[in-house]
Amino acid sequence: MEPMDFAVQQMSINKKKYLELCEALWEHNRRYYVENAPIISDYEYDQLLEEVAHIEKVHPEWIYSGSPTQRVGGAVSEKFPVVKHKIPMLSLANSYSSEEIKDYLKRMEKLLHKQSLVYFCELKMDGIALSVIYKNGLFAQAITRGNGREGEDVTANVKTILSLPLQLKGDPPPFLEVRGEVFMPIEVFVHFNIEKEEKGENLWANPRNAAGGALKLLDPKEVDKRKLAVFFYAIAQGVEPLVSQSDAFTAMKGYGLPVIETTASAKNFDEIWCFAKRIEKKRSTLPYQIDGIVVKVDDLAAQKKLGATGKSYRYAIAYKFAPEQAETVIHEITIQVGRTGVLTPVAELEPVSLAGSTISRATLHNEDEVKKKGIRKGDTVVIEKGGDVIPKVVSVVMQKRSKLSRPWKMITNCPACGTEVVRKKGEVAVRCPNTLNCPAQSLRRLIFFVSKQGMDIDHMGEKVVRSLAGLELVKTFSDIYRLEANALFKLPNFKEKSVKNLLTSIEKSKKVSLGRFIHAIGIPFVGIETAELLAETGGNIQTIARMKEEELLKIEGIGEKMAESIVTFFNDQAHLEEITQLLELGVEPEAQKVKGFEEHVFKGKTFVLTGGLEYYTRDQARSLIKERGGKVLSSVSKTTDYVLVGEDPGLKYDKAKRLGVKMLDEADFRAML
Ligand code: IVH
């Protein structure tokens, strides 16, 4: 493929026509995806595209990387090459109050010795940061932020993004590097999640995770299906001289790049605050997720002068919005029985739209929480969605309470099996003690067993498990490994292909790490960290099953409650028999040892994780630490070596701070890896 650095006049008429056609297609593409104002129909667009494809068939030597036919051409990669950023991709300081913005303005004015300054306000897109390079006007490379100094080359994946021009308009510089945010439009996110729910697959937590996951897919054809989009917010290198941030936006728009849609110039706090409040109101109607606004010193020379503090630029500040809230009515308070018998009150809500999805249920956590908040059936409540999928009830709107409503009471018998419930002294949880025979507990255990956190059986989501249990095809874990094709055909909508897929996934799941297996079988109080500690210490399931309480207590990270629960679990003959059955049916839990990290800095160190990470799932971070000889524990103590702190960290962060434990952010962690 050759770049388009030749003079059009010297070419034969056909080649000239070919290039003109390509340019016309780009212009239509830009009008459609960037401006939302197409001037031809989809049919006409397809006709033009077909014409280009036809010419390329006859003249394959003319095809160049900017041709509109070259969007989804990349090969399937094994992993993404790591590339150094020429200019580091730094981050932004966050603020949450008007006071913090006022402080920021004072700081800027003081540092720049000015009485007043012009600021540029933008939306803070809630996606994945990206650096994109154009050479001679053609899309050349896309790199993720990574640790800020180096990121992953995701060029082939980003090339599939339809709003990203592969060829720039106007007169772009020979080298242009722009920075922006890749995101999944809410409509696409909702569409996929509905489809996932129907297939019984795990849902994506939010559009940001969905976009991050998509960018890391190894096959660009799969990325193409995820319908990602991009907005740019800065020029990192290439266009000189630019005077202001607003100029940069104008320049990017001139090249046909999609830029953050809503921006404003502001001269003082009041104007910035007005923008912030206007956007906050509009937030729920936007077709993409934002989590705040970004305020930047408009003058680019001043931006440069201000420099950076550690990992953030000084010239800008993010003002983050509080989580979105909505008001709705609780029609009913139902009880959900968990896999360990815990009864959780759940608010069944009048469906309400919140942060890009429709909410019809919210957890009320436990009996005490409902009492503390005074929540009753029929109440109008305020619900909120943080960074996570599970919405929570924040408060009751007392003015709207009906005079007829009565305080809620926890039930006395399990709704699934009728057994009298128990609440142990000192525990908030109310449980159904009928562990083995309660159908609700069995179902929950099965759902957890096959989930990503357990045996990770693809194509076997909650819906499928429910159907299997409903048809009495599966009662125990081992029944899953006894399933045969003729039984699976009884499942709703299961045909040749779905049956084959499911059987293949079941077979594949037999090879499982010992830690995951222990997690999957659902020992009360044993989370993945403890399961992995057990796997490491015991080496095989038989040894672990025979461990005494004293031995277990010697393992760092296992306390009395857990040790007692583990021993009780393995003292139960039914559990032992079930494990034997699983092994006989070919499940092979194996302790894992990874070679090559004998002398790693993580060796012998203990870690605690808190908050969401941008580039790894919790499971991945845990494996990375363990592969290098480190340990991951669930709670912080004085002896913890490192706390890895992600976005929105929890109480572990405060505790670590109090105890003076060393904290790592994701960039530090990556550097140490
Ligand atoms: S400016 C290039 N502007 O927020 C200077 N960042 O830590 C630093 N983000 O993931 C970023 N919208 O990608 C800037 N209008 C905006 C933004 C924005 C979203 C992201 C950025 C990064 C995070 C900042």
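Taking the stretch 348-378, which residues are of a type in the set (S, T, N, Q), out of contact with any Phe, Trp or Tyr (no Cβ under 9 Å at 6 or more places or on another chain) and assigned to a strand (DSSP E or B)? Let's see the steps before the verdict.
First, pick out the residues of the stretch 348-378 that are of a type in the set (S, T, N, Q): 353, 357-358, 360, 363, 366.
Now narrow it down to the ones that are out of contact with any Phe, Trp or Tyr (no Cβ under 9 Å at 6 or more places or on another chain): 353, 358, 360, 363, 366.
Scanning the stretch 348-378 gives Ser353, Thr358, Ser360, Thr363.
Quick one: Asn29 ticks every box in (1) under 38 Å from the mean Cα position of the chain (by Cα); (2) at pLDDT below 90; (3) open to solvent by 40 Å² or more (accessible area, probe 1.4 Å) except a single one, so which number is it?
Condition not satisfied by Asn29: (3).
Taking the stretch 146-183 as the region of interest, how many residues are part of a loop (DSSP other than H, G, I, E, B), within 16 Å of the ligand (Cβ to nearest atom) and not charged (D, E, K, R)?
Quick first cut of the stretch 146-183, residues part of a loop (DSSP other than H, G, I, E, B) only: 146-149, 154, 159-166, 168-174.
So of that shortlist, the ones also within 16 Å of the ligand (Cβ to nearest atom) come out as 146-149, 154, 161, 163-164.
With the extra rule that they be not charged (D, E, K, R), the set shrinks to 146-148, 154, 161, 163-164.
Residues meeting the conditions: 7.
Since Ala264 meets every condition but one in (1) of a type in the set (Gly, Ala, Ser); (2) open to solvent by 10 Å² or more (accessible area, probe 1.4 Å); (3) within 14 Å of the ligand (Cβ to nearest atom); (4) under 25 Å from the mean Cα position of the chain (by Cα), which condition does it not meet?
(4)
Can you name every residue in the stretch 42-69 that is within 35 Å of the chain's Cα centre (by Cα), assigned to a helix (DSSP H, G or I) and hydroxyl-bearing (Ser, Thr, Tyr)?
Within the stretch 42-69, Tyr45, Thr69 meet the criteria.
Quick one: is Lys281 farther than 20 Å from Arg401 by Cα, open to solvent by 30 Å² or more (accessible area, probe 1.4 Å), in a helix (DSSP H, G or I) and more than 16 Å from the ligand (Cβ to nearest atom)?
Values: farther than 20 Å from Arg401 by Cα: yes; open to solvent by 30 Å² or more (accessible area, probe 1.4 Å): yes; in a helix (DSSP H, G or I): yes; more than 16 Å from the ligand (Cβ to nearest atom): yes.
Considered against the rule, which asks whether it is farther than 20 Å from Arg401 by Cα, open to solvent by 30 Å² or more (accessible area, probe 1.4 Å), in a helix (DSSP H, G or I) and more than 16 Å from the ligand (Cβ to nearest atom), Lys281 comes out as yes.
Applying the selection to the stretch 245-260, what residues are of a type in the set (Gly, Ala, Ser), within 17 Å of Leu164 (Cβ to Cβ) and within 14 Å of the ligand (Cβ to nearest atom)? Can you show your working first?
Of the stretch 245-260, the ones of a type in the set (Gly, Ala, Ser) are 246, 248, 251, 254, 256.
Then drop every residue that is not within 17 Å of Leu164 (Cβ to Cβ), which leaves 251, 254, 256.
Scanning the stretch 245-260 gives no hits.
When the stretch 390-410 is examined, which residues are found to be in a loop (DSSP other than H, G, I, E, B) and surrounded by 14 or more Cβ atoms within 10 Å (Cβ to Cβ)?
Initial filter on the stretch 390-410 (in a loop (DSSP other than H, G, I, E, B)): 390-391, 397, 401-410.
Correct list: Pro391, Arg401, Trp408, Met410.
Considering each of Glu472, Glu384, Glu427 in turn, give the residue that is touching a residue at least 60 places away in the same chain (Cβ under 8 Å), out of contact with any Cys (no Cβ under 9 Å at 6 or more places or on another chain) and either in a loop (DSSP other than H, G, I, E, B) or buried (at least 17 other Cβ atoms within 10 Å of the Cβ) (or both).
On the way: Glu472 fails: touching a residue at least 60 places away in the same chain (Cβ under 8 Å); Glu427 fails: touching a residue at least 60 places away in the same chain (Cβ under 8 Å).
Testing whether each residue is touching a residue at least 60 places away in the same chain (Cβ under 8 Å), out of contact with any Cys (no Cβ under 9 Å at 6 or more places or on another chain) and either in a loop (DSSP other than H, G, I, E, B) or buried (at least 17 other Cβ atoms within 10 Å of the Cβ) (or both) leaves just Glu384.
Going through Ile39, Ile101 one at a time, which residue ends up being farther than 22 Å from Val223 by Cβ, away from the ligand (no atom under 16 Å from the Cβ) and either in contact with a helix residue (DSSP H, G or I) (Cβ under 8 Å, 6 or more places away or on another chain) or open to solvent by less than 40 Å² (accessible area, probe 1.4 Å) (or both)?
On the way: Ile101 fails: away from the ligand (no atom under 16 Å from the Cβ).
When all the criteria are applied, what remains is Ile39.
Kindly provide the set of residues from the stretch 214-228 that are under 16 Å from the mean Cα position of the chain (by Cα) and either open to solvent by less than 40 Å² (accessible area, probe 1.4 Å) or over 18 Å from Gly127 (Cα atoms) (or both), ordered by number.
Of everything in the stretch 214-228, those that are under 16 Å from the mean Cα position of the chain (by Cα) and either open to solvent by less than 40 Å² (accessible area, probe 1.4 Å) or over 18 Å from Gly127 (Cα atoms) (or both) turn out to be Ala214, Leu215, Val223, Leu228.
Keeping to the stretch 136-145, report how many residues are more than 8 Å from the ligand (Cβ to nearest atom) and either touching a His at 6+ places or on another chain (Cβ under 9 Å) or among the β-branched types (Val, Ile, Thr) (or both). Give the steps one after another, and end with the answer.
Residues of the stretch 136-145 that are more than 8 Å from the ligand (Cβ to nearest atom), as a first pass: 136-144.
In the following step, the residues that additionally are either touching a His at 6+ places or on another chain (Cβ under 9 Å) or among the β-branched types (Val, Ile, Thr) (or both) were identified as 143-144.
Of the residues in the stretch 136-145, 2 are more than 8 Å from the ligand (Cβ to nearest atom) and either touching a His at 6+ places or on another chain (Cβ under 9 Å) or among the β-branched types (Val, Ile, Thr) (or both).
Which residue out of Val239, Val243, Val182, Val190 is crowded, with 23+ Cβ neighbours inside 10 Å and touching a residue at least 40 places away in the same chain (Cβ under 8 Å)?
Selected residue: Val182, the only one of Val239, Val243, Val182, Val190 that is crowded, with 23+ Cβ neighbours inside 10 Å and touching a residue at least 40 places away in the same chain (Cβ under 8 Å).
Exactly one of these conditions fails for Asn437: (1) under 23 Å from Ala574 (Cα atoms); (2) surrounded by 18 or more Cβ atoms within 10 Å (Cβ to Cβ). Give me its number.
If we test Asn437 against (1) under 23 Å from Ala574 (Cα atoms); (2) surrounded by 18 or more Cβ atoms within 10 Å (Cβ to Cβ), just (2) comes out false.
Looking only at the stretch 299-332, which residues are within 16 Å of the ligand (Cβ to nearest atom), part of a loop (DSSP other than H, G, I, E, B) and either closer than 22 Å to Ser246 by Cβ or in contact (Cβ under 8 Å) with a residue 40 or more places away in the chain (or both)?
Listed by number, the residues that qualify are Gly307, Lys311, Phe321.
Starting from residues that are within 21 Å of Phe569 (Cα to Cα) and surrounded by fewer than 16 Cβ atoms within 10 Å (Cβ to Cβ), keep the ones in the stretch 495-529 and report whichever is nearest to the chain's Cα centre (by Cα).
Step one: list which residues in the stretch 495-529 are within 21 Å of Phe569 (Cα to Cα), which gives 512-529.
Then keep just the ones that are surrounded by fewer than 16 Cβ atoms within 10 Å (Cβ to Cβ); that gives 525, 527.
Working: Phe525: 26, Gly527: 21 Å.
Result: Gly527.
Quickly run through the stretch 621-673 and pick out the residues that are free of Cβ contacts under 8 Å to residues at least 40 places away in the same chain, of a type in the set (Lys, Arg) and assigned to a helix (DSSP H, G or I).
Lys655, Lys657, Arg658
Can you tell me which residues in the stretch 107-135 are under 23 Å from Ile279 (Cα atoms) and away from the ligand (no atom under 16 Å from the Cβ)? Explain how you work it out, then say what you get.
Initial filter on the stretch 107-135 (under 23 Å from Ile279 (Cα atoms)): 117-129.
Listed by number, the residues that qualify are Leu117, Val118.
What is the number of the single condition among (1) buried (at least 17 other Cβ atoms within 10 Å of the Cβ); (2) at pLDDT below 90; (3) part of a helix (DSSP H, G or I) that Ile544 does not meet?
Against the list (1) buried (at least 17 other Cβ atoms within 10 Å of the Cβ); (2) at pLDDT below 90; (3) part of a helix (DSSP H, G or I), Ile544 comes up short only on (2).
From Phe602, Phe597, which residue is in a loop (DSSP other than H, G, I, E, B), modelled with pLDDT under 85, away from the ligand (no atom under 16 Å from the Cβ) and more than 27 Å from Val450 (Cα to Cα)? Break it down into steps so the answer makes sense when it comes.
Numbers: Phe602 fails: modelled with pLDDT under 85.
Phe597 is the lone residue from the list that is in a loop (DSSP other than H, G, I, E, B), modelled with pLDDT under 85, away from the ligand (no atom under 16 Å from the Cβ) and more than 27 Å from Val450 (Cα to Cα).
The values are calculated or read from the model by the stated rules, or taken from the named source; none is laboratory data. Keep in mind that what you see is a predicted model, and the values were worked out from it rather than measured. Please note: Cβ atoms are built from the backbone with ideal geometry, for glycine as well, and neighbour counts cover all protein chains shown. Only protein heavy atoms, including side chains, enter the accessible area calculation; ligands, DNA and RNA are left aside. Shrake-Rupley method; radii C 1.70, N 1.55, O 1.52, S 1.80 Å.
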